[in-house]
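Student: One structure, as structure tokens, below. Some questions next.
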Amino acid sequence: MTYIAKPKFQHPGLPKNDLGYTHRDYEGKVSTLCAGCGHDSITASIIEACYELSIEPHRVAKISGIGCSSKTPDYFLGNSHGFNSVHGRMPSVLTGANLANRDLIYLGVSGDGDSASIGFGQFAHSIRRAVNMTYIVENNGVYGLTKGQFSATADRGSKSKKGVMNTDNAIDLVAIALQLGASFVARSFSGDKSQLVPLIAAAIRHRGAAFIDVISPCIAFNNHAGSTKSFDYVREHNDAVNRLDVLTGRDPITVEYAPGTVQVVEQHDGTRLALRKIDADYDANDRLAAMTFLQKHAAKGQVVTGLLYVDPDAEDLHAHLDTVETPLNTLEAKDLCPGSAALEKINASLR
């Protein structure tokens, strides 16, 4: 269906953002996923977040691997840069692109099979290296392209569509991201757009490794009784710790909050994250507490969602490597080769 172009005409009264773009300017091709797939809801949330942030599509690079989730970059930001890599290799491709051109906004889109199985090592290294990216995992707990086998994120004790019980322990990518040092960690649900859109927007504005695990039910193979990734299960067991408002610019906060229920976190670019606390005891700046909170609620069968951890003062891979501000792919020979005199000086210092 991707060969079918969307109609070019649109209603002249569509709302526009600060750049004069409408939502249509952030769309891609027609989705080929199953009707009702949670991944399409995530695509809609990415479109909405980019629209609200008034991002120029050509400034975005979207990288993916293999799987139902990795097909979705074709369905949003049709005028951006894109690269569909091989299975599990999205993180290394994104890392290389980011090192070459730091001026782009990087969206890494992957799935639970792509990131928690064949690409688990690549996921880990991209997170621990603090690559400046928004890493979104569209997590449905099964291999949808190969007829519904359990993936590495399927919960132990959950049942497949055929009634087979999963006896393996699940990999919790959120817990792993926290342990590896990700500076922005969140979990959401594809069916909760009001929560997911601001999380994606905040992740895009964050400097460093921003990771979002999105529970996205597979309606074909994992949306039945006994599944812990179904629409009904997540809605019944969703424990949201906070709600997020992304405030750009320097205008005063005018939203009314009850005293003690809001925490304002300012990021490096001046963006402010207003966390509306639902769980009064939850602190999104405490990494260790976040890990403990996740484990306690997982033991109860609850799915914790919201912004789980953020470090507003985080640094990224370029800061760690002390690279120049100019994108490396724009440096010329004279910038990279200082000449024989400089080389002799270096050699002399090593003698």
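The values are calculated or read from the model by the stated rules, or taken from the named source; none is laboratory data. Just so it is clear, the structure is predicted and the values come from calculations on it, not from any experiment. A quick note on method: Cβ atoms are made from the backbone with ideal geometry, for glycine too, and the neighbour counts reach across all protein chains shown. Accessible surface areas use protein heavy atoms only, side chains included; no ligands, DNA or RNA. Shrake-Rupley method; radii C 1.70, N 1.55, O 1.52, S 1.80 Å.
Student: For the stretch 31-91, go through all pairs of different Cα atoms, get the mean of 1/r, take its inverse, and jot down that Kirkwood value in Å.
Tutor: Numbers: mean 1/r = 0.0825 Å⁻¹.
Evaluated on the stretch 31-91, it is 12.1 Å.
Student: Using a Gaussian network model of the chain with C-alpha springs under 10 Å, which one of ALA201, ALA130, ALA175 is most mobile by mean-square fluctuation?
Tutor: Of the options given, ALA175 has the highest mean-square fluctuation.
Student: Under a point-charge model restricted to the Cβ atoms of Lys and Arg (+1) and Asp and Glu (-1), what is the dipole moment magnitude of the chain relative to its Cα centre, in debye to the nearest 20? Mind dumping the intermediate values first?
Tutor: Numbers: 34 positive and 38 negative charges, 198 e Å.
Value, rounded to 20: 960 debye.
Student: Can you tell me the orientation of helix 287-299 relative to the chain, as the angle in degrees between its alpha-carbon axis and the longest Cα principal axis, to the nearest 10?
Tutor: The angle comes out near 20 degrees.
Student: Roll a 1.4 angstrom probe over the protein heavy atoms and tell me the percent of accessible area of the stretch 126-201 that is carbon or sulfur. Don't jump to the answer; show the numbers that get you there.
Tutor: Working: 1420 of 2940 Å².
Solvent-exposed carbon and sulfur of the stretch 126-201 make up 48 percent of the total.
Student: Using a Cα-Cα cut-off of under 27 Å, which lysines could be cross-linked to LYS334, ignoring same-chain neighbours fewer than 8 residues away?
Tutor: Answer for LYS334, where 27 Å is the Cα cut-off: LYS345, listed by chain and number.
Student: Over the chain, calculate the relative contact order: mean separation of alpha carbon pairs under 8 Å at least 6 apart, over the residue count, as a percent. Numbers along the way, then the final one.
Tutor: Values: 699 pairs, mean separation 52.3, N = 351.
The normalised contact order for the chain reaches 15 percent.
Student: So if R0 is 56 Å, what FRET efficiency would GLU236 and LEU331 give, r being the distance between their Cβ atoms, rounded to the nearest 0.05? Numbers along the way, then the final one.
Tutor: Numbers: r = 54 Å, r/R0 = 0.97.
So, using R0 = 56 Å, E works out to roughly 0.55.
Student: Out of GLY144, GLY301, GLY191, any idea which swings most in a Gaussian network model of the chain, alpha carbons joined below 10 Å?
Tutor: GLY301
Student: Top mean-square fluctuation among ASN169, ASN79, ASN139, Gaussian network model of the chain, C-alpha springs under 10 Å?
Tutor: Checking each option, the largest mean-square fluctuation is seen for ASN169.
Student: How much of the calculated P(r) for the stretch 58-133 lies past 21 Å, in percent of all Cα pairs? Mind dumping the intermediate values first?
Tutor: Values: 525 of 2850 pairs.
Tail of the P(r) past 21 Å holds 18 percent of the pairs.
Student: Once the Cα atoms of helix 38-52 and of the chain are each reduced to a long axis, what angle between those two axes, in degrees from 0 to 90 to the nearest 10, is obtained?
Tutor: Computed tilt is about 50 degrees.
Student: Apply 1/(1 + (r/R0)^6) to the Cβ-Cβ distance of GLN10 and LYS193, taking R0 = 22 Å, and write down the FRET efficiency to the nearest 0.05. Can you show the working numbers first?
Tutor: Working: r = 21 Å, r/R0 = 0.97.
According to the calculation, E is roughly 0.55.
Student: Which of the lysines could be linked to LYS29 by a straight reach, that is with a Cα gap under 18 Å, when you skip same-chain ones fewer than 8 residues away?
Tutor: Hits, sequence-local ones excluded: LYS6, LYS8, LYS62, LYS71.
Student: So, one more: Taking θ as phi - 60°, what are the ³J(HN,Hα) couplings along the stretch 167-179 by the Karplus curve (6.51, -1.76, 1.60), each to the nearest whole Hz, with x for Gly and Pro?
Tutor: Here the 3J(HN,Hα) series is 9, 8, 6, 8, 8, 9, 5, 5, 4, 5, 4, 5, 5 Hz.
Student: Please work out the FRET efficiency for the pair ALA280 and ASP313, using the Cβ-Cβ distance as r and a Förster radius of 30 Å; give the result to the nearest 0.05.
Tutor: Working: r = 25 Å, r/R0 = 0.82.
About 0.75, to the nearest 0.05.
Student: Does anyone have the angle between helix 90-100 and the longest principal axis of the chain? Alpha-carbon axes, 0 to 90°, nearest 10?
Tutor: Between helix and principal axis, roughly 30 degrees.
Student: Lysines within cross-link reach of LYS300: Cα-Cα under 28 Å, excluding same-chain residues under 8 positions apart?
Tutor: Straight-distance partners of LYS300: LYS159, LYS161, LYS162, LYS193, LYS229, LYS277.
Student: Where in the stretch 153-179 does the amide nitrogen come within less than 11 Å of the point 7 Å from the Cα of LYS300, taken along Cα to Cβ?
Tutor: none
Student: Once both labels are modelled 7 Å past Cα along the beta-carbon direction, what's the LEU343-THR146 spacing in nm?
Tutor: 5.0
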